[in-house]
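A.B. asks: Below is one structure. I have some questions about it.
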Amino acid sequence: MRRLAIIPARGGSKRLPGKNIRSFCGKPMISYILETAEKSTLFDTIHVSTDCEEITRVVSDLGFPPDFPRPDKLADDHTPIMPVLKYVAEVYREKGQEFDQIWLLMACSPLVEPTDLVGAAKFSDIHNGEKAVISVAPYPVPVEWAFDLMDNGVLVPTQPGKFAIRSQDLGVKYYDTGSYVAFPSSHVFESCGAGSDTNFIGYVISKNKAVDIDDEEDWKLAEALFKH
């Protein structure tokens, strides 16, 4: 099984400028997922896909120099991840390097451990590597209890009446943690546009590892969890 790990890390984050290389508990944020990927021993190639010279310098100093840059047309605010993965895989194919699986590892995933990646790889093997494996975690409360918050502060239930049903009777729902996905290569090469949300299997990780770091509050929570 030949695996390619791709870590997207463009330089234009708006909500947390420079978050991919900002210091997290004393080291650049992206260093954690790079170390995790390397320690897992799963990957033949680990590639950071970036358009940013500073990020390129940082990851190169960490021992992971990108083999080629990300083109500007794939580095704006609106480009989905799948075209980035497809571009990287196609460049490697042109270089004569083929892979059985293409893994998406997110740069801001400092709480993910090598055992999580190894577990997902074994889970993929159970399913013969035919489906994409995505990291998921259980919602903390039933999604049926969700509200839309109007501009005037009024709460509107998304599923009226479900508040009266006990949580244990509603069942557990899961969300994409935004940490990693293991794709069969064919899934990437045959994708169109943003791809699809079908043909996935879920590998459950701890809620304590499933912090989606989008703002300062998320950042502080992730640091607190990491330290403890």
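The values are calculated or read from the model by the stated rules, or taken from the named source; none is laboratory data. Fair warning: this is a prediction, and the values are worked out from it, not measured in the lab. Cβ atoms come from the backbone with ideal geometry, glycine included; neighbour counts cover every protein chain shown. Note: accessible area is taken over every heavy atom of the protein model, side chains too, but ligands, DNA and RNA are not part of it. Shrake-Rupley method; radii C 1.70, N 1.55, O 1.52, S 1.80 Å.
A.B. asks: Pairs of Cα atoms under 8 Å, at least six residues apart: use those to get the relative contact order of the stretch 29-130, whole percent.
C.D. replies: 38
A.B. asks: Taking 8 Å as the Cα distance limit and 6 or more residues as the minimum spacing, I'd like the relative contact order of the chain as a percentage.
C.D. replies: On the way: 365 pairs, mean separation 56.6, N = 228.
With pairs under 8 Å counted, the relative contact order is 25 percent.
A.B. asks: Using only the alpha carbon atoms of the chain, find the Kirkwood hydrodynamic radius as the inverse mean reciprocal pair distance, in angstroms to one decimal.
C.D. replies: 18.9 Å is the Kirkwood radius here.
A.B. asks: Here is a follow-up. How many angstrom lie between the C-alpha centres of the stretch 81-108 and the stretch 135-204?
C.D. replies: For the stretch 81-108 versus the stretch 135-204, the Cα centre distance is 26 Å.
A.B. asks: Still on this structure, I have one more. How large is ³J(HN,Hα) for each residue in the stretch 104-120, as worked out from phi by the Karplus curve 6.51 cos²θ - 1.76 cosθ + 1.60 (θ = phi - 60°), to whole Hz, x for Gly and Pro?
C.D. replies: Working through the residues one at a time gives 9, 10, 7, 4, 9, 10, x, 8, 6, 10, x, 5, 5, 5, 5, x, 5 Hz.
A.B. asks: Calculate the spin-label point distance for Ser60 paired with Glu94, positioning each point 7 Å from the Cα along the beta-carbon direction, and give it in nanometres.
C.D. replies: Result for the modelled spin labels: 2.1 nm.
A.B. asks: Just from its helices, what would the mean residue ellipticity at 222 nm be for the chain, if runs of 4 or more DSSP H residues each count -39500 (n - 2.57) and the sum is divided by every residue, rounded to the nearest 500 deg cm²/dmol? Don't skip to the answer; put the middle values down first.
C.D. replies: Details: 7 runs with 69 residues, N = 228.
Only helices count here, giving -9000 deg cm²/dmol.
A.B. asks: Kindly provide the GluC sites (Glu not before Pro) of the stretch 168-218 that DSSP labels as loop, not H, G, I, E or B, and whose Cβ sees at most 11 other Cβ atoms within 10 Å.
C.D. replies: For GluC sites (Glu not before Pro) across the stretch 168-218 that sit outside H, G, I, E and B with at most 11 neighbouring Cβ atoms in 10 Å, the list reads Glu190.
A.B. asks: To the nearest 20 debye, what charge dipole does the stretch 24-63 have about its Cα centre, counting +1 at the Cβ of each Lys and Arg and -1 at the Cβ of each Asp and Glu?
C.D. replies: 180
A.B. asks: Taking square-rooted eigenvalues a ≥ b ≥ c of the alpha carbon gyration tensor, is the stretch 1-106 rounded, prolate or oblate, where a/c under 1.5 means rounded and, failing that, a/b exceeding b/c means prolate?
C.D. replies: Details: a/c = 1.87, a/b = 1.21, b/c = 1.54.
Oblate, because a/c is 1.5 or more while a/b does not exceed b/c.
A.B. asks: Name the residue from Ala9, Leu105, Cys25 whose Cα lies farthest towards the positive end of the charge dipole of the stretch 1-123, charges +1 on Cβ of Lys and Arg and -1 on Cβ of Asp and Glu.
C.D. replies: Ranked along the dipole, the leading option is Cys25.
A.B. asks: Which whole-Hz ³J(HN,Hα) couplings does the stretch 174-189 yield from phi under the Karplus relation 6.51 cos²θ - 1.76 cosθ + 1.60, θ = phi - 60°, glycine and proline marked x?
C.D. replies: Result, ordered by residue: 10, 10, 5, 6, x, 9, 6, 9, 10, 9, x, 4, 4, 4, 6, 5 Hz.
A.B. asks: On to the next question. For the stretch 156-228, rounded, prolate or oblate, judged on the Cα gyration tensor with a ≥ b ≥ c (square roots of eigenvalues), a/c < 1.5 rounded, else prolate if a/b > b/c? Please list the in-between numbers first.
C.D. replies: Working: a/c = 2.02, a/b = 1.16, b/c = 1.74.
Oblate.
A.B. asks: Here is a further query. Can you pull out the GluC sites (Glu not before Pro) in the stretch 1-106 that DSSP calls coil and that have at most 16 other Cβ atoms within 10 Å?
C.D. replies: Sparse-neighbourhood loop GluC sites (Glu not before Pro): Glu98.
A.B. asks: Probe radius 1.4 Å, ligands and nucleic acids ignored: give me the carbon and sulfur share of the accessible area of the chain as a rounded percent.
C.D. replies: For the chain, the apolar C and S fraction of the accessible surface comes to 52 percent.
A.B. asks: With unit charges on the beta carbon (Lys/Arg positive, Asp/Glu negative), name the residue among Ser179, Val141, Gln168 whose Cα is farthest towards the positive pole of the charge dipole of the stretch 52-192.
C.D. replies: Projecting each Cα onto the dipole axis, the largest value belongs to Gln168.
A.B. asks: When the Karplus curve 6.51 cos²θ - 1.76 cosθ + 1.60 is applied with θ = phi - 60°, which whole-Hz ³J(HN,Hα) does each residue of the stretch 65-74 get, with x for Gly and Pro?
C.D. replies: Here the 3J(HN,Hα) series is x, x, 6, 6, x, 8, x, 4, 5, 10 Hz.
A.B. asks: Another one. Excluding ligands, DNA and RNA, what is the solvent-accessible area per residue of the stretch 179-228 at a probe of 1.4 Å, expressed in Å²?
C.D. replies: Numbers: 2820 Å² over 50 residues.
On a per-residue basis, the stretch 179-228 sits at 56 Å².
A.B. asks: Still on this model: To the nearest 20 Debye, how big is the dipole of the stretch 1-97 about its Cα centre, given +1 on the beta carbon of each Lys and Arg and -1 on that of each Asp and Glu?
C.D. replies: That gives a dipole near 280 debye.
A.B. asks: A further question on this structure: At 1.4 Å probe size, with every protein chain present, just tell me what the per residue accessible area of the stretch 36-177 comes to in Å². Write out the running numbers ahead of the final one.
C.D. replies: Numbers: 7930 Å² over 142 residues.
Per residue, the stretch 36-177 has an accessible area of 56 Å².
A.B. asks: Name the shape class, rounded, prolate or oblate, that the alpha-carbon gyration tensor gives for the stretch 107-152, where a ≥ b ≥ c are the square roots of its eigenvalues, rounded holds for a/c under 1.5, and otherwise prolate holds if a/b is larger than b/c and oblate otherwise.
C.D. replies: Working: a/c = 3.25, a/b = 2.08, b/c = 1.56.
Prolate shape, in that a/c is at least 1.5 and a/b is the bigger ratio.
A.B. asks: For the chain, give the magnitude of the charge dipole about the Cα centre (Cβ charges: +1 Lys/Arg, -1 Asp/Glu; no others), in debye to the nearest 20.
C.D. replies: 380
A.B. asks: Additional query: Give, as ranges by residue number, the residues of the stretch 57-91 whose backbone N falls under 12 Å from the point 7 Å along Cα→Cβ of Glu38.
C.D. replies: 59-65
A.B. asks: Then there's this: Modelling each spin label as a point 7 Å along the Cα-to-Cβ direction, I'd like the Glu190/Val156 distance in nm, to one decimal.
C.D. replies: Taking the simple label geometry, Glu190 and Val156 are separated by 4.0 nm.
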